[in-house]
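The values are calculated or read from the model by the stated rules, or taken from the named source; none is laboratory data. It should be emphasised that the depicted structure is a prediction, and the values quoted were computed from it without experimental measurement. No Cβ is skipped: glycine too gets one built from the backbone with ideal geometry, and neighbour counts run over all protein chains shown. Surface accessibility is based on the protein's heavy atoms, side chains included, excluding ligands, DNA and RNA. Shrake-Rupley method; radii C 1.70, N 1.55, O 1.52, S 1.80 Å.
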Amino acid sequence: MKILNTRSEISEYLLQLKKEGQSIGFVPTMGALHQGHLSLIALAKERCDVVVCSIFVNPTQFNDPKDLEKYPRPIAQDITQLQAAACDVLFLPEIGEMYAPNEQWHLHLDGLDELLEGLHRPGHYQGVTQIVHKLFACVQPDLAFFGQKDYQQFQVIQKMVDKLALPVTLVMCPIIRERDGLAMSSRNIHLSAHERKNALALYQSLQLVKNGLGQKSLAALKQEAITFLQHSPGVELGYFEICAATDLTNNQPADDMSIVALVAAQVGQTRLIDNMVLN
Ligand code: AMP
């Protein structure tokens, strides 16, 4: 696996491969890799000639400095995992390589960045689009792979791609879960054994809604999920919403629409998110 640290190095290296006619698949991450990330690498390998992964803990998408500070960074272990997954290129830049001091960025996202996660984390999706735009510019991938785990993030990045007419196709990859259903996340390592059990309530609330679909109204199912989470020990509910799968600004989807349920909750010191496409 080639490890490159600067924008010019990676641009030049990939340009050469593109000239030879090779397709580029890109998997951006913040590291602390788990099976969820590795499933994206595997899907990228199936569809592209060259797979590029980036590891960069992006400061502009954190609105809590403590959260940024305690974000796990097991880089040696990540490199070993990427090598085992036969990833071709790792882009591993320092902060100064990606940002000039006091850089400004704002992209109008039609309100998509201001609801759900965006409500709780103001500016988060501006930071996400800022870094993904920069990464796309130096990698110039044909396909970019993102997890359904961050459902709203996928929609936000798709919005950016559409608005700026970026020449890349996004691929949404399924959520990889632990055996008991907990969605894998780099943040799960912060959970104590007790919190780990409590965290299962997020997945259970989504299943509750999925199982009741067609028998009760969406409003009733949403209320059931909220009540369930409010009574789950050690879980502090952020939000539980049911939205149109293709338009998260629509939280009153019609019966014939594809819908998604999205949940966020605090478990101990750790904030967790999960979602399920319901039909
Ligand atoms: P992160 O390192 O958290 O920024 O995640 C990098 C990419 O991995 C994003 O596209 C995430 O949606 C994806 N990802 C994270 N967790 C999972 C998971 N459990 N299953 C599938 N994809 C995931």
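Go through the range 1-77 and name the GluC sites (Glu not before Pro) that are in a DSSP coil and have 15 or fewer other Cβ atoms within 10 Å of their Cβ. Walk me through the numbers before you get to the answer.
Values: sites: E9, E12, E20, E46, E69; in loops: E20.
Loop-located and lightly packed - E20.
Averaged per residue, what accessible surface does the chain expose to a 1.4 Å probe, in Å²?
Values: 13280 Å² over 279 residues.
With the other protein chains kept in place, the chain gives 48 Å² per residue.
For the range 38-196, give the share of DSSP beta bridges that are antiparallel, in percent and rounded to the nearest 5; count only bridges with both residues there.
10
Rg and Dmax of the range 89-175, Cα atoms, in Å?
Rg and Dmax of the range 89-175, Cα atoms, are 13.2, 37 Å.
Within the chain, what percent of beta bridges assigned by DSSP are antiparallel, to the nearest 5? Don't skip to the answer; put the middle values down first.
Values: 19 of 39 bridges.
So the antiparallel bridges amount to about 50 percent of the total.
Considering only C-alpha atoms, what is the centroid distance from the range 237-268 to the range 59-81, in Å?
The range 237-268 and the range 59-81 have Cα centres spaced 28 Å from each other.
Summing +1 for each Lys or Arg and -1 for each Asp or Glu, what net charge is found among the other residues whose Cβ lies under 10 Å from the Cβ of L262? Kindly include the intermediate steps, with their values, before the conclusion.
Values: positive: none; negative: E117, E241, D274.
Charge balance in the 10 Å sphere: -3.
State the extension gain, in nm to one decimal, for the chain segment bounded by D67 and N251, taking 0.36 nm per residue of separation less the distance between their alpha-carbons. List each step's numbers first, then the result.
On the way: separation 184, 0.36 × 184 = 66.24 nm, distance 2.92 nm.
That pair, D67 and N251, stretches by 63.3 nm at full extension.
So if R0 is 41 Å, what FRET efficiency would A100 and V277 give, r being the distance between their Cβ atoms, rounded to the nearest 0.05? Could you put the intermediate results ahead of the total?
Details: r = 39 Å, r/R0 = 0.95.
It comes to 0.55.
Treat the range 30-107 as a sphere of radius equal to its Kirkwood radius over Cα pairs and apply Stokes-Einstein at 10 °C in a medium of 1.306 mPa s; give the translational diffusion coefficient in µm²/s, rounded to a whole number. Intermediate results must be reported in sequence, preceding the final value.
Details: Rh = 14.1 Å.
The Stokes-Einstein estimate is 113 µm²/s.
Cα centroid distance between the range 1-53 and the range 109-169, in Å?
18
For the residue pair Q16 and E114, what label-to-label distance in nm results when each label sits 7 Å from Cα along the Cα-to-beta-carbon direction?
That separation, rounded to one decimal, is 4.8 nm.
Can you find, among F145, G36, F62, the residue farthest towards the positive end of the dipole of the chain? Put +1 on the C-beta of Lys and Arg, -1 on that of Asp and Glu.
G36
Placing unit charges on C-beta atoms (Lys and Arg positive, Asp and Glu negative, everything else neutral), compute the dipole magnitude of the range 109-186 about its Cα centre in debye, rounded to 20. Working shown, then result.
Working: 7 positive and 9 negative charges, 28 e Å.
In total the dipole reaches around 140 debye.
Roughly how many debye, to the nearest 20, is the charge dipole of the chain about its Cα centre, given +1 on each Lys and Arg Cβ, -1 on each Asp and Glu Cβ, and no other charges?
In total the dipole reaches around 480 debye.
List the GluC sites (Glu not before Pro) within the range 91-172 that DSSP assigns to loop and that have no more than 16 neighbouring Cβ atoms inside 10 Å. Please list the in-between numbers first.
On the way: sites: E94, E97, E103, E114, E117; in loops: E94, E103, E114.
Here the GluC sites (Glu not before Pro) that fit, given the DSSP loop and packing criteria, are E94, E103, E114.
Given a 1.4 Å probe and every protein chain left where it sits, what share in percent of the accessible area of the range 187-243 is carbon and sulfur?
C and S atoms contribute 53 percent here.
Which entries in K134/K163; K70/K134; K70/K149; K2/K45 show an alpha-carbon gap greater than 19 Å?
Numbers: K134/K163 15 Å; K70/K134 24 Å; K70/K149 21 Å; K2/K45 16 Å.
Violating the 19 Å limit, Cα to Cα: K70/K134; K70/K149.
Once the Cβ-Cβ distance between S258 and E9 is put in as r, and R0 is 45 Å, what FRET efficiency do you end up with, to the nearest 0.05?
Plugging the Cβ-Cβ distance into 1/(1 + (r/R0)^6) gives 0.60.
Give the span of the chain's Cα atoms along each principal axis, as three whole-Å numbers ordered largest to smallest.
Sorted from largest, the Cα extents of the chain read 56, 40, 39 Å.
Let me check I've understood the local charge: for N251, count other residues with C-beta under 10 angstrom from its C-beta, Lys and Arg +1, Asp and Glu -1. What total comes out?
Values: positive: K222; negative: E241, D247.
Spelling it out: positives minus negatives among the neighbours equals -1.
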